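Asker: The structure that follows is given in the form of structure tokens.
The values are calculated or read from the model by the stated rules, or taken from the named source; none is laboratory data. Everything numeric here is computed off the predicted structure, so don't read it as measured data. Every residue, glycine among them, receives a Cβ derived from its backbone with ideal geometry; neighbour counts consider all protein chains shown. We work out accessible area using only protein heavy atoms, side chains counted, and drop any ligands, DNA or RNA first. Shrake-Rupley method; radii C 1.70, N 1.55, O 1.52, S 1.80 Å.
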Amino acid sequence: MLRVRPILFTSRPDSWTALLSALGLACTEDHGGWRVFGSGNGKVGLHRVAPGSADDGVTRLGFEIRDREVFVRRTLADGTRAELVDSDHGPSARVTAPDGFSFLAEPVADAADLADAAGPAGNGTRGQRAPGRLTVVQLWRTPEPDGARKVLADIGARPVPPRRDGHAAFRAKNGGLVVVQPSPASGVVPALEYDGGLAALGARLTSQGVPAAPDGGALAVQTPDGTLRIMADGAAWT
């Protein structure tokens, strides 16, 4: 099992909760300082931090897995460094890319957790349904894209057909997408893909008081920590 779940570190989790709910994501975990939202095709984690802390507004690459021991063993066998660690959320696995960039893969309890509370429309029953399906995307920006692509393959993500922009993309078996983008510095940016009409989605968000506007073929949504871009399904990421 492998599912995309970026972790958004923020001092404004309530504002993020309102935004993600307006988008139609369902809250599947709520422990106050740690919340998880599912779109039906990937998840987003919110980790509360103190205002002004170094991590405030930072996004980190993240995944959900089933068995961390099996995950580490298979990842090591395929040639990528992995180890068992304890994270803020419990026993986890840490994966380290050749350039030193690392991320966590955290186990979930059982198959019931695979249900992001999603119905046929593709969004959570506890959120507000949209007429299309949202996919959670992690944009992995790295100075070593070849190394990133190998890491993603070694943890079990599968490449999808080349994007129109030439960027490599990998799909997690249990939901979500990772797009590798060459960049001078390492970093992660959260995003979404939508298989419905962006104009209609923008109008729906605006009617709920969520600032959203067209932006070069995408929909730019104002968040508590910046801007979240929503692209049409399969569009080029810029």
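Asker: Just to check your reading of the model, which residue among Ser15, Ser39 is open to solvent by 30 Å² or more (accessible area, probe 1.4 Å) and either touching a residue at least 12 places away in the same chain (Cβ under 8 Å) or over 20 Å from Gly226 (Cα atoms) (or both)?
Answerer: Ser15
Asker: Give the residue that is nearest to Arg68 (Cα to Cα), with candidates limited to residues of segment 152-173 that are touching a helix residue (DSSP H, G or I) at 6+ places or on another chain (Cβ under 6 Å) and in contact (Cβ under 8 Å) with a residue 60 or more places away in the chain.
Answerer: My answer is Ile155.
Asker: Hey, another quick one. Quick check, is Arg133 open to solvent by 20 Å² or more (accessible area, probe 1.4 Å), modelled with pLDDT under 95 and within 16 Å of the chain's Cα centre (by Cα)? I'd like the intermediate steps shown before the answer.
Answerer: Values: open to solvent by 20 Å² or more (accessible area, probe 1.4 Å): yes; modelled with pLDDT under 95: yes; within 16 Å of the chain's Cα centre (by Cα): yes.
Yes: the conditions hold for Arg133.
Asker: Restricting to segment 151-174, and then to whatever is more than 15 Å from Leu139 (Cα to Cα) and of a type in the set (A, V, I, L, M, F, W, C), can you tell me which residue is surrounded by the fewest Cβ atoms within 10 Å (Cβ to Cβ)?
Answerer: Per the criteria, the residue is Ala153.
Asker: Determine whether segment 140-151 contains at least one residue that is modelled with pLDDT of 95 or more, within 17 Å of the chain's Cα centre (by Cα) and among the aliphatic types (A, V, I, L, M).
Answerer: yes
Asker: Out of segment 76-87, which residues are of a type in the set (Ser, Thr, Tyr) and under 21 Å from Ile7 (Cα atoms)?
Answerer: Ser87
Asker: Another question about this same structure. Can you report the number of residues in segment 41-69 which are closer than 16 Å to Ala157 by Cβ and not aromatic (Phe, Trp, Tyr)?
Answerer: Number of matching residues: 8.
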